[in-house]
1. Lys/Arg Cβ at +1, Asp/Glu Cβ at -1, dipole of the chain taken about the Cα centre: which of SER14, ILE360, VAL232 is farthest positive-ward?
2. Can you list the residues, at least 5 places off or on another chain, whose amide H is less than 5 Å from the amide H of LEU148, using H built in the peptide plane?
3. Which of the listed residues, SER36, GLY75, GLN62, is farthest toward the dipole's positive end in region 18-118, when Lys, Arg count +1 and Asp, Glu count -1 at the beta-carbon?
4. How large is ³J(HN,Hα), in whole Hz, for each residue of region 276-287 in order, when computed from phi with the Karplus curve 6.51 cos²θ - 1.76 cosθ + 1.60 and θ = phi - 60°, using x for Gly and Pro?
5. Enumerate the amide H contacts of SER186 below 5 Å, restricted to partners 5 or more residues apart or on another chain; note that Pro and chain-start residues carry no placed amide H.
6. Compute the whole-percent fraction of alpha carbon pairs in region 226-371 spaced more than 19 Å apart.
7. Test of understanding: in a Gaussian network model of the chain with alpha carbons linked when under 10 Å, which of GLU173, GLU261, GLU234 would top the mean-square fluctuation ranking?
8. Long-range amide H contacts for ARG179: which residues qualify at under 5 Å (H placed 1.01 Å from N, peptide plane, sequence gap of 5 or more or a different chain)?
Amino acid sequence: MKFQQLCVLGSTGSIGESTLDVALRHPETMAVYALSAYSRMEKLAEQARIARAKIVIVPTEQARDRFRQAWAGDGAGPEIRIGAQALVDTVLDSEVTTVMAAIVGAAGLPSALAAAKAGKRILLANKEALVAAGGLFMRTARENGAELLPIDSEHNAIFQCMPQVTRATIPTEPAAGVRRLLLTGSGGPFRQTAIDQLAGVTPDQACAHPNWSMGRKISVDSATMLNKGLEVIEAHWLFAMPVDRIKVVIHPQSMVHSMVEYEDGSILAQLGQPDMRTPIAYGLGFPERIDSGVGLLQLAMLGRLDFEEPDFERFPCLRLSFDALKTGQAACVALNAANEIAVDCFLKQQIRYTEIAPVIESCLERITGRSDTSLDSLDDVLALDAHTRGIATELCQLKA
């Protein structure tokens, strides 16, 4: 395995922390070059000290001052870079071989695209790179020889179950012999809650995921299954798979992370503990397998695996996601942007849980009716993203 210098964008989030946990187990094959964080400067300082990062990227001068106050290591500490452009500049550093793209939201788009343009190994955990700019991102990665390894547990599972000859390429058509992709989802905390009770659920209830430990925003997305809808869009781009050949299956145990169905009737599944260190270790070690720190999966203790069809009445955000993918890239941008605003307002208790989907649907109706939507560049994508966020904010204020 070639020695890797890692740039971990979004290092203080759950994906970033898990990445460092795995990387620090393998000092003989990888080192941490750069880390970035948006708000948790004390945590960033601790990570930079332990990982001996050479660079940290923070959003503002105030954040830089907080980092310096928190620094408890020897000497002056790492070089501190400031602002969104610094994320892009650091990705482009010649020392960086591998980029963990784990910044949440549209803020992670420019740096992920920069990594693709620079032909880096990209461990992709940022959904927006594909949801909002799938065509642009995949084309850029392909043309510049970037290596793309999906880190979402579902896409990583599919990647592992694909024919070996297709794993090292960025596809332009479905893999030969593959019939369907089967994305699994837990169904979240409200899988069996009476539908007429959903209007009264609280942010804390929505964030209480039964299997995974995640941030609050993605936990709400799991409850609404919007996250699974975004994963359908991602799978379409990652594996060049038509929407009618991607299926979502509810799997409450979260042990089968996804499956690939072949033309001969075979279904290959990837199983493992619900621990993100497994797909991260696969991405860092590819094509080899390396220790992730994850314990053994005791199948006998598990006992059973259950599967069921998703109910679009219970999960309208999942239906909207399929609709957006069928409509086109602009609708996917609008879906993601509207959801981010609606979920933020729900977490602030400004709208009800059951108002998230109507806000998204209203935004989709307004955006898809426009005839002037062009998405030929990152600026086009970000402009539509910002426009949709404005619409969603107004709709949430009307409901508040």
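1. Going by the charge dipole, the pick is SER14.
2. ILE122
3. So the residue furthest toward the plus end is GLN62.
4. With the stated coefficients, region 276-287 comes to 5, 5, 5, x, 5, 5, 5, x, 5, x, 3, x Hz.
5. Residues meeting the amide H criterion: HIS251.
6. The proportion of pairs with Cα distances above 19 Å equals 64 percent.
7. GLU173
8. Distant-sequence amide H within range of ARG179: GLU261, TYR262, GLU263.
Bear in mind that the values in this text are calculations on the coordinates, not laboratory data. Since the structure is predicted, the reported quantities are computational estimates derived from the model, not experimental observations. We place every Cβ from the backbone using ideal geometry, glycine too, and count neighbours over all the protein chains shown.
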